[in-house]
Amino acid sequence: MFYRHVAHAVSGALWASLAMTAAAQSHPDTFGTERGTGKIICTSDGDENAIRPDDPSYAISAMWDQMMLGERAACGEQLTPIDNGTWGESKPFEGTDDAGLTADFRLYVLHDDYTWANGSNRQVLNDDQPIMFNEILRTPQFFQRFCSAKAVLSVGTASQGGPRAVNHRLARERGEIVANALTSYRPDCTTERAPIMYALSLGQHRGDRAGDRPTQRRVVIVAAEDLALGVNLEQALRRGLIEQNVFGTMSVADYDRFDLISF
C-alpha cells in the first residue's frame, strides 16, 4: 500500500484515531503493489498475502491510504472508457434474487467531471459548466449498449445537504428524467427489441452535511444484459450492487432508499 513505510511517523493521537476508525470498518480493497511487476493494483491485501486482512496494521494502513489519497483509495475494478472517455463501462456483475434466479448487470458511469447540479433535477454539469445532457445519452457506444440491453435502470441520487424530503424528491426525479429521455430514444434502436426502462432512486446520501460532495450525485446507469425468466429484478439488482466491486467510490449502503420505478 502507498505510504506504509511512513505510517510509523503518525503521531500517537492520530494513530489511535486511525486505529479506532479502522477497527470499526470492514476491510475494503485498497491500493497495493503486485509482486514481481511493481504494478499498482487494487487488492484486499495490499501486501499480496504477506499480512492477514484482519491484521490491525492492514486496517491502519488502509485508513492511511484513504487519508492521503482521498476517494482514489476506495478502488475497485477499473471502468473502461467509452465514447472518448465520456462514459466508463464496467465489467459485468451478477445479482441473485431470493429464489436464486440470476441477472447479469453492467454499470455505465458518466466521467468524474459530470455531476447533477446541486438542487437541480434537470441540469447536469461538466466541470461546473452546464451541458446539453440529452446529447450525452446519444453518444454512439453508450447508445449501442443501451439498445442491446434487456432492461436499463437510471440511478437517481442526492447528496446529504438540505432537507431530507427535498433530497428524496430530487433523487427520484433525477432517475425519472434520465429514464424518460432514454424511453423517448428507444424507437431509434435498431435492435430487435428495445430495453425495458426503470428508474432507481437511492435517495439521500448518508453522512454529515459538511461532507456534501458532487460525487454523491453522480450520473449512473445500470444495464441488465441477461435476465433469468421470472427473476425479481429489484432483489437481484440490490444484491448485485451490494456485492459488486466495480464502482468503489459509490455504494448503495451510502444511501437511504432503494426504490425501483417502472416505465
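Cβ-Cβ below 9 Å, separation at least six or inter-chain, first residue in the stretch 152-169 and on the phi > 0 side of the Ramachandran plot, second assigned to a helix (DSSP H, G or I): which pairs?
Partner pairs satisfying both residue conditions: GLY162/LEU170; GLY162/ARG209.
Answer yes if at least one residue in the stretch 137-144 is under 19 Å from VAL252 (Cβ atoms), assigned by TED's automatic domain parsing to the domain that holds ASP256 and either of a type in the set (Gly, Ala, Ser) or in contact (Cβ under 8 Å) with a residue 24 or more places away in the chain (or both), and no otherwise.
No, every residue in the stretch 137-144 fails to be under 19 Å from VAL252 (Cβ atoms), assigned by TED's automatic domain parsing to the domain that holds ASP256 and either of a type in the set (Gly, Ala, Ser) or in contact (Cβ under 8 Å) with a residue 24 or more places away in the chain (or both).
Looking only at residues that are at pLDDT 95 or above and either over 21 Å from the mean Cα position of the chain (by Cα) or in a helix (DSSP H, G or I) (or both) in the stretch 191-226, which one is nearest to PRO140 (Cα to Cα)?
PRO195
So which strands (runs of 3 or more DSSP E) are wholly in the stretch 75-160 and hold at least 2 residues that are surrounded by 14 or more Cβ atoms within 10 Å (Cβ to Cβ) and hydrophobic (A, V, I, L, M, F, W, C)?
Answer list for the stretch 75-160: 102-110, 124-126, 151-158.
Does GLY162 meet the test of being closer than 18 Å to ASP254 by Cβ and either not assigned by TED's automatic domain parsing to the domain that holds LEU202 or not hydrophobic (A, V, I, L, M, F, W, C) (or both)?
Yes; evaluated as a whole, the condition is true for this residue.
Just give me the residues in the stretch 219-246 being surrounded by 19 or more Cβ atoms within 10 Å (Cβ to Cβ) and closer than 26 Å to ARG122 by Cα, in sequence order.
VAL219, VAL220, ILE221, VAL222, ALA223, ALA224, LEU237, LEU241
The values are calculated or read from the model by the stated rules, or taken from the named source; none is laboratory data. Note that the structure is predicted; figures quoted are calculated from it, not measured. Don't worry about glycine lacking a Cβ; one is built from the backbone with ideal geometry, like all the others, and counts go over all protein chains shown.
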